[in-house]
1. Please indicate, with yes or no, whether at least one residue in region 262-281 is at pLDDT below 95 and out of contact with any helix residue (DSSP H, G or I) (no Cβ under 9 Å at 6 or more places or on another chain).
2. Which residues, taken from region 294-343, are surrounded by fewer than 19 Cβ atoms within 10 Å (Cβ to Cβ), free of Cβ contacts under 8 Å to residues at least 40 places away in the same chain and assigned to a loop (DSSP other than H, G, I, E, B)?
3. Given the condition touching a strand residue (DSSP E or B) at 6+ places or on another chain (Cβ under 7 Å), more than 30 Å from residue 286 (Cα to Cα) and surrounded by fewer than 19 Cβ atoms within 10 Å (Cβ to Cβ), answer yes or no: does some residue in region 176-183 qualify?
4. Any idea which of 146, 164 is outside the structural domain of residue 256 (by TED's automatic domain parsing) and buried (at least 24 other Cβ atoms within 10 Å of the Cβ)?
5. Hey, can you tell me all the residues within region 570-585 that are crowded, with 16+ Cβ neighbours inside 10 Å and farther than 21 Å from residue 323 by Cα?
6. Conditions: (1) touching a helix residue (DSSP H, G or I) at 6+ places or on another chain (Cβ under 8 Å); (2) outside any loop (DSSP other than H, G, I, E, B); (3) surrounded by fewer than 19 Cβ atoms within 10 Å (Cβ to Cβ). Residue 237 meets all but one. Number of the miss?
7. Check whether at least one residue in region 196-213 is in a strand (DSSP E or B), on the phi > 0 side of the Ramachandran plot and in contact with a strand residue (DSSP E or B) (Cβ under 9 Å, 6 or more places away or on another chain), and report yes or no.
8. Please enumerate the residues belonging to region 359-387 that are part of a loop (DSSP other than H, G, I, E, B) and either modelled with pLDDT of 85 or more or assigned by TED's automatic domain parsing to the domain that holds residue 523 (or both).
């Protein structure tokens, strides 16, 4: 993995090489091993290399085709490059001078054009310059594992792996796009655009576009998630064998590297299966990494058990409350979005620890989205389909009567009361459902705006065989790229660490969508049914069937104690950006009710606090990644003593 950035002038002027140098400097963390640039009149591209394959100087980028017509800057990995290389040598007589996948990608694109993208098994963002046609092809992998942002300024188009690079152009103003706020509040992320910055958007996952002297053409979809209902599916044993075959091969391919590699291990079924497969494929002990939290809410014991089972070389990081809060500014600077989930911080710190030992890690990310692993899938396919016949007011009243400790049941009832598909989908993981969001937006220009325009566009014109299919599609097209994969990329690349996800091999995605019956995904109210049967070959029952735990951080208690002053200083001050864009009286009510203990608004207040911190860091530029939040009244000693 690396970082790419570039400029294409559309006004006839030459590309600014000094600007390009500043854009590259912002992303040294993405590629500390080498850097390179290329200039051709109105076009300039820069590259920061994190060397994974062929560590020699021949892997230098940007890389040129033998005839000099094409120049590529490639960020990512194509895992089937060896097969493609053999085909190009055999059928087209091509000669290679490196062992890199980049050279294979370059030749494929030169031969087949954008159609070559369908041949690649991997994750990537790329820029291919055609010096003869004077056009630039920008493309992104199927699920959006690698980022690629775009911005138009006066007389030029900019692109980059990170927004920090785009902001180096003086013509790109540092402003928040307030029109994207409703979507952010509803989802905790911005679907499709993947950012709150005004004037910045992205190449969509599974899309490519071509930039000419006249500007960009329309983004063209080259891959989409398509479902099918198998007419005569084979039995469970055959499907389980096929799942294991695909997952084992996906894991094997992602272990190919000329640098040390390991795995993130939470002790849950997804990462544990990956570690089990890695242990069977690798002759040496696998390097594994887990993080625990000193409040007692920790999965570290489960991870340790799996590590002992497979005799891995296990590294365990234990963090406290003060570690979490101290890392917020630095993690936010790398994420470039509000840190809307507290669990992002442990991942940032774990990646930092892992990089001391390895350059590549595998993870279990993506399993829930292809195999219907989240509890919402089990609920929606069982109880949920009957609750929709009950009046929404009755369901909301029942939800309101439940205590916060039964939050999952409360959320299920609230979601069942919402009949709009896009709104209901967002409620399961989002921040502010319809009514609380309307109160926040009341009285302002965004009142009444549609927070789910992007989701509706994704669903438009499509037919679904089940509610599960619709949910899986939205998770794959919105939740994954704009939140989980964005987080994974930024938190790992902040420390020059490459993160690979075997479950997101496109062959697995298509197998689960087209060949796996619904009953092999959810059965007896449990998701990932077939994966559980596969896991039974490798893991003990208490790992397979234990409840999904995650990082449980006592944010609610902190907001009533050591973070209370910070919360008020950020959200209730006269210079609060959140207060200027949203209903200040409603924000004050949320803070007051939470402080008093009458209600638990920890999730909503965390989102608003992070939005404020993001604005101060990137828009106002009054908060730096090196700053300590104690300057705003964080009680460090109280945090250290907090145990939830």
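1. no
2. 311
3. Yes, some residue in region 176-183 is touching a strand residue (DSSP E or B) at 6+ places or on another chain (Cβ under 7 Å), more than 30 Å from residue 286 (Cα to Cα) and surrounded by fewer than 19 Cβ atoms within 10 Å (Cβ to Cβ).
4. Numbers: 164 fails: buried (at least 24 other Cβ atoms within 10 Å of the Cβ).
Only one candidate qualifies: 146.
5. So the first thing to find is which residues in region 570-585 are crowded, with 16+ Cβ neighbours inside 10 Å, and the list is 570-571, 576-579, 581-584.
Matches in region 570-585: 571, 576, 577, 578, 579, 581, 582, 583, 584.
6. Only one criterion is unmet by residue 237, namely (1).
7. Just the residues of region 196-213 that are in a strand (DSSP E or B), to begin with: 197, 200-202, 207-212.
Narrowing the set further to residues that are on the phi > 0 side of the Ramachandran plot leaves none.
For region 196-213, residues in a strand (DSSP E or B), on the phi > 0 side of the Ramachandran plot and in contact with a strand residue (DSSP E or B) (Cβ under 9 Å, 6 or more places away or on another chain): absent.
8. Step one: list which residues in region 359-387 are part of a loop (DSSP other than H, G, I, E, B), which gives 359, 363-366, 372-374, 381-383.
359, 363, 364, 365, 366, 372, 373, 374, listed by residue number.
The values are calculated or read from the model by the stated rules, or taken from the named source; none is laboratory data. Quick caveat: nothing in here was measured; it's all calculated off a predicted structure. Every residue, glycine as well, gets a Cβ built from its backbone with ideal geometry; the counts of neighbours run over all protein chains shown.
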